[in-house]
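Here the structure is laid out as structure tokens; the discussion comes afterwards.
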Amino acid sequence: MNLTRNQLILLAAGASAALLIGAYTFQALGYPPCKMCWWQRYPHFAAVGIGALALLTRGPVLPLLGALAAAITSGIGAYHSGVERKWWEGPSSCTSSGVEGLSAEELMDQILNAPLVLCDEIPWRLSDMIPWQVLDITMAQLNFLGSAVFAVIWIMAARRS
């Protein structure tokens, strides 16, 4: 199948929009986002806006910016996945290490002033829904993998400009 530049842009920007809808659906179902989950959403918002503008213009610049947005969120998803799997430390503000060493008063202040959603905890896994352990994929990993594909689609659109 040979898709046009605009079809590829619609596909990539639409995929970011769908991913955002999915994220907000999970949130509505009781899975509040952590700080890094929010970080992963911002480039998707940018990609949707870039897609709308790219459909109104010509040239490779906007599709390349869309690819950059997708690559950034994919990178954040990869980083978040490593934090979830405890392969490396995450930001102390949203991992269990962020509560270590706090006084009781500081911990209580943190609890009362913000929801404590830890970035190094896995709230949902695909294997919870599908009984195949090989699909032990988290939301961060879905974003990492999907957004990497979106970046390729954006690059394909840029090449057709």
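The values are calculated or read from the model by the stated rules, or taken from the named source; none is laboratory data. It should be emphasised that the depicted structure is a prediction, and the values quoted were computed from it without experimental measurement. With ideal geometry, Cβ positions are generated from the backbone for all residues, glycine too; neighbour counts draw on all protein chains shown.
So is residue 48 modelled with pLDDT of 95 or more, farther than 24 Å from residue 93 by Cβ and within 14 Å of the chain's Cα centre (by Cα) or not? Here the answer is yes, as residue 48 does meet what is asked.
Given the criteria among the basic types (Lys, Arg) and in contact (Cβ under 8 Å) with a residue 60 or more places away in the chain, does residue 41 qualify? Considered against the rule, which asks whether it is among the basic types (Lys, Arg) and in contact (Cβ under 8 Å) with a residue 60 or more places away in the chain, residue 41 comes out as no. Residues considered: 5, 58. Of these, the only one that is in contact (Cβ under 8 Å) with a residue 12 or more places away in the chain, more than 19 Å from residue 143 (Cβ to Cβ), surrounded by fewer than 19 Cβ atoms within 10 Å (Cβ to Cβ) and of a type in the set (D, E, K, R) is 58. Tell me yes or no: at least one residue of the range 44-54 is outside any helix (DSSP H, G or I), of a type outside the set (Gly, Ala, Ser) and without any contact (Cβ under 8 Å) to a residue 24 or more places away in the chain. Checking the range 44-54: not a single residue is outside any helix (DSSP H, G or I), of a type outside the set (Gly, Ala, Ser) and without any contact (Cβ under 8 Å) to a residue 24 or more places away in the chain.
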